[in-house]
Amino acid sequence: MKTILLAVVATLFASSAFASGQHAGDHDSFGRPGRAADVTRTIQVRTLDTMKFAFEPAVGTISKGETIRFVVSNPGQLTHEFAIGDAASQRAHAEMMRKMPGMQHEADPTTVSLAPGASKTLIWKFDKAVSGGIVLACHIAGHYEAGMHTQIKLN
Ligand SMILES: [Cu+2]
């Protein structure tokens, strides 16, 4: 009986760890979804099939407390994502995507997915100091590894 109970607990623990791997709950370590009324600057982002992001204007350094509106568009032929995180969460996300390449992110406030030609807006409040900075990344399978991530200083 005890063994069965332990197995159930282990299964529950594994599935909750798995759920957090779907990155809905963990983003308060690097901020939270922002409100349009609080936006301090707007940055145009293009997701490029060369596995790069193009920022206009450049992001530079983010000041703690800033709320940034990212207007993200995909002018290419491939689907891309734009995901906000810190180095640890983005590494975990990339690892997750290797295991589940078809994973969807529509319910995740840190991420927008863009089909070719799509444009989406993501507003984020950077209200936490993050040692190691913010990492912006694409998590379509293989893109992170191909270099589609960039690190931004947050002071
Ligand atoms: Cu991509």
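What follows draws every value from the coordinates through simple rules; no lab data is involved. If you're wondering where the values come from, they're calculated on a predicted model, not measured in any experiment. Glycine gets a Cβ as well: all are built from the backbone with ideal geometry, and neighbour counts include every protein chain shown.
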For labels at Ala115 and Asp28 in the simple 7 Å Cα→Cβ model, what's the distance in nm? 3.5
Within the stretch 30-74: backbone nitrogen closer than 18 Å to the Met96 label point (7 Å, Cα to C-beta): 30-33
Once you list every other residue whose beta carbon is under 11 Å from the beta carbon of His149, what net charge do they have if Lys and Arg are +1 and Asp and Glu are -1? 0
HN-Hα J in Hz across the stretch 91-96 - Karplus 6.51, -1.76, 1.60, θ = phi - 60°, x for Gly and Pro: 5, 4, 5, 4, 4, 4
